[in-house]
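Data block below; observations after.
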Amino acid sequence: MPSSEFGSDDGQHSPGLGDVQSSKIKRLFDFWRDLRGDRRYPAWADVKLMDIYDVASYLAVLDVEDLGGGFCFRYRFCGTMLVEARSQLVPADPTGRCLDEVAWPFDPAPMLDACAKVVKLGGPVLLAPGEVDESTYHLHERGYFPLGDTDDKVSQIITCVDQVGTR
């Protein structure tokens with residue numbers, strides 16, 4: 001997938017990879033792209049977090065569970081920096097819970113929509129700074145990348161969250 005197609009959807013585009021501010025998201029995108037090779041996306045079994053240890057603490061992996069009318073995006077892995085950022089919330093570590101089942105100090109709808117878009121498109125999606133109204137002080141960028149054993153079904157999503165500025 002050329003970088004200009006990052007998050008493309010029916011003629012509407014999330015910012016292209018050139019618009020991504022986060023070096024961590026760029027690093028994950030390059031890793032994801034290299035890992036998938038000629039496939040539509042790589043499988044979770046292909047991902048070795050030690051290969052991207054420099055960004056692993058900013059990553060989460062979500063299992064995609066089809067509920068027959070919607071999806072549950074269940075945390076399989078949540079990196080230490082993301083858990084630390086949730087330290088004031090219960091639970092701080094959301095591993096084992098669905099994204100919409102954990103406490104958030106903001107509306108998680110944009111994150112749920114991004115995950116659903118990854119499943120629909122079978123391609124990466126970017127949430128630009130400010131798309132999630134999470135903090136009056138910090139701006140975060142989020143990159144979402146599909147994983148799957150076959151090219152016809154997204155079974156996991158690997159995501160990177162990175163602070164890219166202040167308000």
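Between Cys72 and Lys48, 0.36 nm times their residue separation minus their Cα-Cα distance comes to what? Walk me through the intermediate numbers first.
Working: separation 24, 0.36 × 24 = 8.64 nm, distance 2.40 nm.
Gain on stretching Cys72 to Lys48: 6.2 nm.
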Computed FRET value (nearest 0.05) for Glu84 with Asp149, which takes r as the C-beta separation and R₀ as 25 Å: 0.20
Heavy-atom SASA rank of Tyr144, Tyr58 (probe 1.4 Å, accessible area, largest first): Tyr58, Tyr144
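Pull out a ≥ b ≥ c, the square roots of the eigenvalues of the alpha-carbon gyration tensor of segment 91-159, then state rounded if a/c is under 1.5, prolate if not and a/b is larger than b/c, and oblate in the remaining case. Could you put the intermediate results ahead of the total?
On the way: a/c = 2.50, a/b = 1.49, b/c = 1.67.
Verdict is oblate for segment 91-159.
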His138 paired with Ser23, simple spin-label distance in nm, labels 7 Å along Cα-to-beta-carbon: 1.8
Amide H contacts of His138 (H built 1.01 Å from N, under 5 Å, at least 5 apart or other chain): Arg167
The chain, accessible surface, carbon-and-sulfur percent (1.4 angstrom probe): 48
Projected-area average for the chain over all orientations - Cα convex hull basis, square nanometres: 9.3
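The values are calculated or read from the model by the stated rules, or taken from the named source; none is laboratory data. Note that the structure is a prediction, hence the values are computed from the model and not measured. Using ideal geometry, Cβ is built from the backbone for each residue, glycine included, and neighbour counts are taken over all protein chains shown. For accessibility, only protein heavy atoms count, side chains too; no ligands or nucleic acids. Shrake-Rupley method; radii C 1.70, N 1.55, O 1.52, S 1.80 Å.
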